[in-house]
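This report concerns only the one structure given below.
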Amino acid sequence: MYSQENQASVFSQSEYTSAMALSTAANYIMNWAEPFTRTYRTYIRLRENGSLTLKFWHSNAVDSTWDLGGEARGSEPGGKWSIEAAYFADGGLKPDGTVMPGSQVPVTFLGETAKHVAPGEAFWSDEAALVLPEGHYLAFTWTIRTAAPGKTFPYNVEGMLVSAYDAPGNYAGQESDAAFSESDKLLVLPSYIGYKKKVDKKLVFLGDSITQGVRTAKDEYSYWAARIAEGLGTGYGLWNLGSGWGRAYDAATDGAWLNKAKQGDEVLIVLGVNDLDIGKRSAAELLADLAFIVSSIREANPEVEIILGTVPPFNFEGEREEAWRCVNTQILTAPPAGVNRVFDIAAVLSMPAPLDHKVRAEYMSNTDDPHPNGTAGKAVADAFLKWYGETIG
């Protein structure tokens, strides 16, 4: 069963901050008919390179609901599985499936190179030191083994925002790309990769695919969360919790996903599109869930700064458009108690009124998909950074 105690204190080790702007929130779960052993290698652009002390934290639970919840629901615990081996390495200048010779550093768990993971468990790895030259990717590789069929490892199933490879069997210690194939809709990473870094403030962005950056170009980090991280600089930590198809009522279950959000000094919440769309929630239900999320975060940390975003436009029509307008009017005029500031992301992405429920054409991923593209990512980041600088206390 999921245990809140299990999940506590991602940031309790205050020397560490998030090493990347990439979201690794889990919105799906492996459900295989047979046990398996498989290796996953992912290439990540870190927020800083050089001499690094790294470690990871992982939550074995689904964060947000996929589709209608038939396969994976928010706060659903993962199953039993084990880490056979894990490595940080210099991934070189090109994310091509290989790592730089001699650069792999084993990741351990209380001194052991392998770890059995229990359902719903949350845990830290040990520290690992790595020198990563400027411009080089971090390559994270681990081999995961399951002992039984059925649901096991939560992961992210959206379109790939970074290059990743997977292979059947235990190839974690291999430097070449032999046996690896390029991964598709299969981001298998720890919940949090941190590096030893003292920062002025730790920001958490809690949102759906629009925060995650879905539909933007692979390895370009052109979505707005990544651009904001770059604009703020490394004096700020940023943990991106954007999760494709995530909704406010997932966070309002007060499970694994919301617990992650509670770890920040400042939290930006941008949720609601999927509540109104596939979730078919009313304006009143969505506002109630947002109010609960805000109150729960503030209860966990009375000093936290909470920024609530308006619900981005998503080309809604009819009753959904009416609910979207109602929610945003309420957020702008009388946000839930506990909100410090409101960022009007909808105003950045929307067409001029009266068509402000529609996304500007130049910001859409394609003519049929209102997910913001990289151009929109720059527009939102520029607007946020200007607003943030003007409104920060």
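The values are calculated or read from the model by the stated rules, or taken from the named source; none is laboratory data. Quick caveat, the model's predicted, so the values are computed rather than measured. Because the Cβ atoms are built from the backbone with ideal geometry, glycine has one as well, and the counts that use them run over all protein chains shown. The protein model used for the area step is the full one, side chains on, heavy atoms only, and it has no ligands, DNA or RNA in it. Shrake-Rupley method; radii C 1.70, N 1.55, O 1.52, S 1.80 Å.
Quick one: Karplus J couplings for region 203-216, per residue in order, coefficients 6.51, -1.76, 1.60, θ = phi - 60°, nearest Hz, x for Gly and Pro?
9, 10, 10, 9, x, 9, 4, 5, 6, 4, x, 3, 5, 7
Ordering MET364, MET20 from largest to smallest accessible area (1.4 angstrom probe), what's the sequence? It would help to have the intermediate numbers written out before the result.
Working: MET364 25, MET20 5 Å².
Sorted descending by solvent-accessible area, the residues read MET364, MET20.
How would you classify region 222-266 from its alpha-carbon gyration tensor, with a ≥ b ≥ c the square roots of the eigenvalues: rounded for a/c under 1.5, else prolate if a/b is greater than b/c, otherwise oblate? It would help to have the intermediate numbers written out before the result.
Working: a/c = 3.95, a/b = 1.68, b/c = 2.36.
Because a/c hits 1.5 or more and a/b fails to exceed b/c, region 222-266 counts as oblate.
Out of every Cα-Cα pair in region 290-329, what percent are more than 14 Å apart?
On the way: 441 of 780 pairs.
Cα-Cα pairs in region 290-329 separated by more than 14 Å: 57 percent.
Restricting to the chain, what percent of DSSP beta bridges are antiparallel, rounded to 5? Numbers along the way, then the final one.
Values: 53 of 70 bridges.
Percentage antiparallel, nearest 5: 75.
Which ³J(HN,Hα) values, rounded to whole Hz and listed in residue order, are derived for region 133-145 from phi using the Karplus coefficients 6.51, -1.76 and 1.60 in 6.51 cos²θ - 1.76 cosθ + 1.60 with θ = phi - 60°, glycine and proline given as x?
With the stated coefficients, region 133-145 comes to x, 4, x, 8, 7, 7, 9, 10, 10, 8, 10, 10, 10 Hz.
For the cross-link pairs LYS55/LYS151; LYS198/LYS218; LYS55/LYS115; LYS151/LYS280; LYS55/LYS196; LYS196/LYS386, which exceed 19 Å when the distance is taken from alpha carbon to alpha carbon? The partial results should precede the final answer.
Numbers: LYS55/LYS151 26 Å; LYS198/LYS218 29 Å; LYS55/LYS115 15 Å; LYS151/LYS280 27 Å; LYS55/LYS196 8 Å; LYS196/LYS386 29 Å.
From the list (LYS55/LYS151; LYS198/LYS218; LYS55/LYS115; LYS151/LYS280; LYS55/LYS196; LYS196/LYS386), the Cα-Cα distance tops 19 Å for LYS55/LYS151; LYS198/LYS218; LYS151/LYS280; LYS196/LYS386.
Kindly provide the pair-distance distribution of region 78-164 built from C-alpha pairs, with 10 Å bins from 0 and whole-percent values in order of increasing distance.
Result, from short to long distances: 16, 39, 36, 10, 0 percent.
Explain nothing, just compute: Karplus ³J(HN,Hα) = 6.51 cos²θ - 1.76 cosθ + 1.60, θ = phi - 60°, for every residue of region 253-259 in order, whole Hz, x for Gly and Pro.
So the Karplus estimates, Gly and Pro as x, are 6, 6, x, 4, 5, 5, 4 Hz.
Considering the convex hull of the alpha carbon atoms of region 200-391, report its projected area averaged over all viewing directions, in nm², one decimal. It would help to have the intermediate numbers written out before the result.
Details: hull surface 40.3 nm².
Taking the Cα atoms of region 200-391, their convex hull projects to 10.1 nm² on average.
Can you compute log10 of I(q)/I(0) for region 8-75 with the Debye formula, treating each Cα as one identical point scatterer, at q = 0.18, 0.24 Å⁻¹?
For the requested q values the scattering log ratios are -0.97, -1.21.
Over the alpha carbons of region 8-192, what is the largest minus smallest coordinate on each principal axis, giving the biggest first in Å?
44, 39, 31
Kindly give the semi-axes, whole Å and largest first, of the ellipsoid equivalent to the chain, taking each as the square root of 5 times a Cα gyration tensor eigenvalue. Numbers along the way, then the final one.
Values: eigenvalues 220, 96, 85 Å².
Value: 33, 22, 21 Å, ordered largest first.
Shape verdict for region 325-393, please, from the Cα gyration tensor: rounded (a/c under 1.5), prolate (a/b greater than b/c) or oblate. List each step's numbers first, then the result.
Numbers: a/c = 2.63, a/b = 1.41, b/c = 1.87.
Verdict is oblate for region 325-393.
Along the Cα-to-C-beta direction of ASP96, a point sits 7 Å from the Cα; which residues of region 32-70 have their amide N less than 19 Å from that point?
Answer for region 32-70: 41-45.
In region 167-240, which trypsin sites (Lys or Arg not before Pro) fall in coil by DSSP and have 10 or fewer other Cβ atoms within 10 Å? Display every interim value, and only then the final one.
Values: sites: LYS185, LYS196, LYS197, LYS198, LYS201, LYS202, ARG215, LYS218, ARG227; in loops: LYS185, LYS197, LYS198, ARG215, LYS218.
Of the trypsin sites (Lys or Arg not before Pro), the ones in loops of region 167-240 whose Cβ has at most 10 other Cβ atoms within 10 Å are LYS198.
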